[in-house]
Amino acid sequence: MRSLRFDPLWLVLGVITGAYLLFLLAMLGATAAHSSPGDLFRALHAREIRYAIGLSLATCTATALLSLFLAVPVGYLLARGQFPGKPWLDAALDIPIVLPPMVVGLCLLILFQTPFGRAVERVLPFTYTIAGVVLAQFVIGAAFAVRTMRGTFDQLSSRPEEVAMTLGCSRARAVWLVTLPAARRGMFAAASIAWARSLGEFGPILVFAGATRMKTEVLPTTVWLELSVGNLEAAIAVSMLMVALAVVVLVAVRLAGERV
Amino acid sequence: MIRLESIAWRAGAFGLENVSFTVPSGSYGVLMGRTGGGKTTLLEIICGLRHPTAGRVWLGERDVTALAPGARGLGYVPQDGALFPTMTVREQLGFALRLRHRPADEIARRVHELADQLSVAPLLDRRPDGLSGGERQRVALGRALAARPQVLLLDEPLSALDDDTREPLADLLHRVQRETAVTVLHITHQRSEADRLADNLFHLESGRVIGSPARADV
């Protein structure tokens, strides 16, 4: 007679999940074993790498904040608004997620060669500048932030907001006083995801902002530049630093209690 | 007074047609109807959260059909209370008065008055996730009454409660209406609630409202 308490399916599912987790850990473990604290300190000592760390942290933070400014209104519109063409808008906002990253960079480069782009560049130059790094990160980071905010607003009932309107609020004030405070975990998750995506962004930055040392070099650029000159130790040390930063973000998002 | 004149509303196959009825000032009106029959939609039209395709809504002597929800001078208690998730009970009760820029001491006085009237004084510093179903409904009622509206709209306020909580809350609704003389429209699908509370009883059937005369004992 088969036991009612144990189904072999759980064993199979457990083995598959365990094997996948083991693979991920083996990948990271092997990379870590290839490096040493000495390599990391030497890498951190290099002026170019310190610049890349600083630029990565600054641009990712700027991108996360800009993404949030976009994601809150767009996510709210998608969650609460009823208008013709909504499914099309919804699909269009995923374009940056499905486009190959190099193509995003190329599209940006071409956009800024058009008369419109040239006019913008006369005020604020983007091509091969730090602003270009932020814009390249923003295109993709913002798309993920919009998804997260839409999910957040979808989960929040519109009823409290409507009650606030009956008590004397305009819709904008009801959103500000009632909905946004309730969405703060989602906002933190959206900014964190945009930040983490931006940290790993490479293709669009390489194409649109270049890989100039001490100018537009961010951490993924460092890994690529160090690998291309055969300096594997520095490439691995910087990679491990990025892994550590990514883990910090992952834990922060989980602690914020928002499913992403 | 709440007066609906030939209200119509449509969404796909569902609709309300030529809905007219009046709840006299200071009385307790109950609108009965089956679940999914459009009762909540009708309440949302009175609130101004939905716009009717035809007809007019009067509150007191004012035609409020074109007014924003907040300009109608009403209190609304949705089905699950819909408390503001991040605010304490104290903040919820003071919300409408803060919007009106009332002085802090007046708000504090009103909050305590409501807390005593609705027996939520020990809960003032709690947030909604620390309240039971009955407590939530009492707080939602207090939040709706804070600015002393002329009209109170209640969407199935007792339906999600267990028997032990339902009876005292029904008593409370009756008492509060008598004390404040607010004009109430309460919607429900339960006959016993209607029999117990209604001064005026209306039925919503197939998108139309059929009124019954005021109860003789009122």
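Quick note: the coordinates plus some simple rules give every number you see, no bench work behind them. Keep in mind it's a predicted model, so treat the numbers as computed, not measured. Quick reminder, even Gly has a Cβ in these numbers, built from the backbone with ideal geometry, and neighbours come from all protein chains shown.
Any idea what % of Cα-Cα pairs in region A:191-239 are farther than 17 Å?
The answer is 37 percent, as a whole percent.
For the Cα atoms of chain B, what angle does the longest principal axis make with the long axis of helix B:133-145, in degrees from 0 to 90, nearest 10?
80 degrees
Based on the Kirkwood radius over alpha-carbon pairs, what value in µm²/s does the Stokes-Einstein equation return for the translational diffusion coefficient of region A:69-171 at 37 °C and 0.692 mPa s?
It diffuses with D of about 206 µm²/s by this estimate.
Beyond 19 Å, what percent of the Cα pairs of region A:139-260 remain?
Here the tail beyond 19 Å accounts for 60 percent of pairs.
What Kirkwood radius, in Å to one decimal, follows from the Cα pairs of region B:24-96?
14.3 Å
With the dipole of chain B worked out from charges on the C-beta (+1 for Lys and Arg, -1 for Asp and Glu) around the Cα centre, which of B:L169, B:Q137, B:A147 lies farthest toward the positive end?
Highest projection toward the positive end goes to B:A147.
Local charge sum around B:E17 (other residues, Cβ-Cβ under 10 Å, Lys/Arg +1, Asp/Glu -1)? Present the calculation step by step, with values, prior to reporting the outcome.
Working: positive: B:R10, B:R208; negative: none.
Summing Lys and Arg as +1 and Asp and Glu as -1 gives +2.
Which whole-number percent gives the relative contact order of region A:123-260, counting Cα pairs below 8 Å spaced six or more residues apart?
31 percent
Choose one answer from A:A209, A:A91, A:A136: the residue with the largest mean-square fluctuation in a GNM of chain A with alpha-carbon springs under 10 Å.
Among A:A209, A:A91, A:A136, the largest mean-square fluctuation in the Gaussian network model of chain A belongs to A:A91.
With +1 on each Lys and Arg Cβ and -1 on each Asp and Glu Cβ, and nothing else charged, work out how big the dipole of chain B is about its Cα centre, in Debye to the nearest 20. Please report the intermediate quantities before stating the final value.
Numbers: 27 positive and 27 negative charges, 132 e Å.
That gives chain B a dipole magnitude of about 640 debye.
For helix B:163-180, report the angle its Cα long axis makes with the longest principal axis of the Cα atoms of chain B; keep it between 0 and 90° and round to the nearest 10°.
So the inclination is approximately 90 degrees.
Please compute the Kirkwood hydrodynamic radius of chain A from all pairs of different C-alpha atoms, in Å with one decimal. Don't jump to the answer; show the numbers that get you there.
Values: mean 1/r = 0.0478 Å⁻¹.
Over chain A, the inverse of the mean reciprocal pair distance is 20.9 Å.
Can you give the translational diffusion coefficient of region A:23-88 in µm²/s, computed by Stokes-Einstein from the Kirkwood radius over Cα pairs at 25 °C and 0.890 mPa s?
For the chosen part, D equals 152 µm²/s.
Any idea what the relative contact order of region B:64-218 is, in percent, if you count C-alpha pairs under 8 Å spaced at least 6 apart?
For region B:64-218, the relative contact order is 26 percent.
Under a crude label model (7 Å from the Cα following the beta-carbon direction), how far is B:R208 from B:R50 in nanometres?
Once both label points are built, they end up 1.9 nm from each other.
Under the definition of partner shielding as Cβ atoms of other protein chains within 10 Å of a residue Cβ, what is the mean value for peptide B:69-76? Intermediate results must be reported in sequence, preceding the final value.
Numbers: counts 11, 10, 2, 2, 2, 2, 3, 6.
That average works out to 5.
Just the number: Rg to Rh for region B:108-218, Cα atoms, Kirkwood Rh, two decimals.
Dividing the radius of gyration by the Kirkwood radius yields 0.99.
For every other residue with a beta carbon closer than 14 angstrom to the beta carbon of B:E156, add +1 if it is Lys or Arg and -1 if Asp or Glu, then tell me the sum.
+2
Find the centroid of the Cα atoms in region A:59-131 and in region B:74-98, then give the distance between the two in whole Å.
Between the Cα centres of region A:59-131 and region B:74-98 lies a distance of 38 Å.
Can you tell which of A:R213, A:R47, A:R147 shows the greatest fluctuation in a Gaussian network model of chain A with Cα springs below 10 Å?
With Cα springs under 10 Å in chain A, the top fluctuation among A:R213, A:R47, A:R147 is at A:R47.
Can you find, among A:A62, A:T17, A:A143, the residue sitting farthest towards the positive end of the charge dipole of the protein assembly as shown, where Lys and Arg contribute +1 and Asp and Glu -1 at Cβ?
A:A62
Taking chain B as a Gaussian network, Cα atoms linked when under 10 Å apart, which of B:T22, B:T65, B:T53 shows the biggest mean-square fluctuation?
Evaluated over chain B, the most mobile residue of the options is B:T53.
With an 8 Å cut-off on Cα pairs and a minimum separation of 6 or more residues, tell me the relative contact order of chain A in percent.
Reported as a whole number, the value is 30 percent.
Among A:L124, A:N231, A:L219, which residue has its Cα positioned farthest towards the positive end of the charge dipole of region A:120-245, with +1 placed on the Cβ of Lys and Arg, -1 on the Cβ of Asp and Glu, and the dipole taken about the Cα centre?
Value computed over the given set: A:L124.
Please quote Rg/Rh for chain B to two decimal places, taking the Kirkwood radius as Rh and restricting both calculations to Cα atoms. List each step's numbers first, then the result.
Numbers: Rg = 16.9 Å, Rh = 17.6 Å.
My calculation puts Rg/Rh at 0.96.
Taking every alpha carbon pair in region A:1-44, what does the distance histogram look like in 10 angstrom bins from 0, in percent?
Spelled out bin by bin, region A:1-44 gives 23, 26, 21, 15, 10, 5, 1 percent.
Can you give the charge dipole size of region B:38-129 about its Cα centre, rounded to the nearest 20 debye, using +1 on the beta carbon of Lys and Arg and -1 on the beta carbon of Asp and Glu?
Around 220 debye, computed over region B:38-129.
Where in chain A are the DSSP H helices whose C-alpha atoms run 24 Å or more along the long axis and whose mean Kyte hydropathy is at least 1.0? If you can, show how the numbers build up before the last one.
Values: long enough: A:8-33 (36 Å, 1.95); A:47-80 (49 Å, 1.12); A:130-155 (37 Å, 1.03); A:184-200 (25 Å, 0.31); A:232-255 (34 Å, 2.45).
Taking the DSSP H segments of chain A (at least 24 Å long, mean hydropathy at least 1.0), we get A:8-33, A:47-80, A:130-155, A:232-255.
Per q in 0.06, 0.08 Å⁻¹, report the Debye log10 I(q)/I(0) for the protein assembly as shown, using one uniform scatterer on each alpha carbon and no solvent.
-0.43, -0.69
Give, to the nearest whole percent, the P(r) tail of region A:1-137 beyond 19 angstrom, counting all Cα pairs.
Summing the P(r) tail past 19 Å for region A:1-137 gives 75 percent.
Sorting A:V253, B:V23 on the 10 Å Cβ count, fewest up front, what's the list?
Listing A:V253, B:V23 from fewest to most nearby Cβ atoms yields A:V253, B:V23.
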